[in-house]
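Below you'll find the structure, written out as structure tokens, and then a few comments.
No lab work stands behind these numbers, since they all come straight from the coordinates. Source: prediction; values computed, not measured. Neighbour counts are summed over all protein chains in view; Cβ atoms, including those assigned to glycine, are modelled from backbone coordinates with ideal geometry.
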Amino acid sequence: MPVDAADGSRDLPGLTACSLCSGETLGTADPLPGGQPERLNRLSGAGVARVTFVECLDECERGDVVVARPSGHRRRAGVGPVWFERLAGDGATGELETWLRAGGPGTAPSAALRAMVMERSVAAAEPHPGTQSA
């Protein structure tokens, strides 16, 4: 079932992905037509998360950067986003899907996902002038 943003009854986590580096990790070796952006769009289409692509998350050297945003009720409880690097491929996206279905930010990620978590300092988390935060 596709996610309908106008449906206020859905309290899904969100994903923000960099459109410029999405698919960079696997490159031409990715067997899926549409690559990593297609995998993320499928998560949205399955009702797992709201997916947004932005032009840049200012972490270019980390490739396939994805920010998991907490659902509304978790955000109101003080849960923050989780940043991932090099999150690409069927295995990593499957781990992400399982974690999101379990609640996403605010729940413990699997060991495989923890290996992709980017530690962000307060200074790094602040948006640069002229950019939007995730």
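With +1 on each Lys and Arg Cβ and -1 on each Asp and Glu Cβ, and nothing else charged, work out how big the dipole of region 14-122 is about its Cα centre, in Debye to the nearest 20. List each step's numbers first, then the result.
Numbers: 12 positive and 13 negative charges, 138 e Å.
My answer is approximately 660 debye.
Taking the convex hull of the Cα atoms, report for region 14-122 its projected area averaged over all directions, in nm². Could you put the intermediate results ahead of the total?
Details: hull surface 26.7 nm².
Taking the Cα atoms of region 14-122, their convex hull projects to 6.7 nm² on average.
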